[in-house]
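So the structure is just underneath, and the comments pick up after that.
A short reminder: the numbers here are calculations on the coordinates, not readings from a lab. This is a predicted model, so every value here is computed, not measured. Note that each Cβ is placed from the backbone with ideal geometry, even for glycine, and that neighbours are counted across all protein chains shown.
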Amino acid sequence: MHDRNVVSVAPLTEPTQREEAVLWLQRALRDNARNLGLLVCLLVCIAFVSARSPTYLSYDNLLVVSLQMAFVGIAALGMTALIISGYVDLSIGSMFGVCAALATMTSKHANPVVAIAVGVGVGAAIGLINGALVWRINISPIIITLGGLTLLHGVQLLLTNGYAITGVPTSYGTFGQARPLGVPMPVVVLAAFSPLAYVILQRTTIGRHIFAIGGNSEAAGAAGLRVRRIVLVSFAVNGALVGIAAVLASSRYGGADPSFGTSMELDVITAVILGGVAFNGGEGGIGGVLLAVALLGVINSGLIALGVDPYYADVVKGGVLIVAVAIDQFSHEQRARYQRYLAMRERRADNAPATTPSEVTSAEL
């Protein structure tokens, strides 16, 4: 016979439904804190503008505001995925103008479907070329796409010869001017593409791969992900969405102007960063970006409704972009500091002496 220590471990208790609900609410609040802040800012801006201008919330005015937001919103969907993957395309403003000009010119000599395909296809092709250059030259995408911004703007001026392209066939204009259920077609397209973009980013394998590449491209490649292919596809899809927005604009307004797309990249990138997408990649979502698009749209239209000099809109958007980038950087530093704290705490726990079991009994055999 000999003594043996027997350690009895208390069974783990399952959390109650109330505890699970509290934990879920805490996670939801933590993960959507910025979105809630954007929603509050949006509601405050709407309340302030509508109090000063009672006609602001009229149905017709809301349609105009939503129409102005739609083109930026469609382009922002592609930019969201691109920045999450760790890249950016600054040439989308000039890309928008080139796609609109080529689609409008094609509509005068071909079927409207062909003109639409040309606009979207050219956008996808330019995006793919930008992606290939960024990947092959292996320098900052800001440098490559900034050069593309200037180059494409020159192409836009050459195509338009500095004048608006007008006289498009009615059949082409019908596409952008359609109003299904009384809602402008660009708004309908944005409403249709937004949930699709959300599902792709949050619920599919390709979406998880995009987040992984943005978080750590080298680790993603070592894990077997086809980083090059995903990056090129992200650039191409971004370009295709810009092309769709350009076709809708040229079709709705019956032509293409040499000023099409001016400063569009500022609006889109501001909305994406303000919407919670980390500029370094790896974090973000569609919901916050759409709220940011709406907020910027309300600010732009609100300044006009209040009779403020429209040039102040650029001042506000530039300030908002600086603040959004500062918040993003601060959040990134806070997350890195918290992760270091967790790592140090785990290391101390591993090095700590073993604790005495709470329940120990002796038994004789």
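Details
- Packing around the peptides 303-313, 153-163, 228-238, taken as the average count of other Cβ atoms within 10 Å per residue, puts them in this order, highest first: 228-238, 153-163, 303-313.
- Prolate/oblate/rounded call for segment 70-151, Cα gyration tensor, a/c under 1.5 rounded: prolate
- Report note on the peptides 266-278, 177-189: ranked by the mean count of other C-beta atoms within 10 Å, highest first, their order is 266-278, 177-189.
- Semi-axis lengths, Å, segment 90-137, gyration tensor of Cα atoms, sqrt of 5 times eigenvalues: 24, 11, 6
- Among 199-205, 118-124, the order from most to least packed when residues are scored by Cβ within 10 Å on average: 118-124, 199-205
- Direction-averaged projected area, Cα convex hull, segment 177-333: 11.3 nm², rounded to one decimal.
- Segment 256-309, Rg to Rh (Cα coordinates; Rh as Kirkwood inverse mean 1/r): 1.08
- Taking 7 Å steps out from each Cα toward its Cβ at T262 and V114 produces label points 3.3 nm apart.
- Between V325 and T205, the contour length at 0.36 nm per residue exceeds the Cα-Cα span by 40.3 nm.
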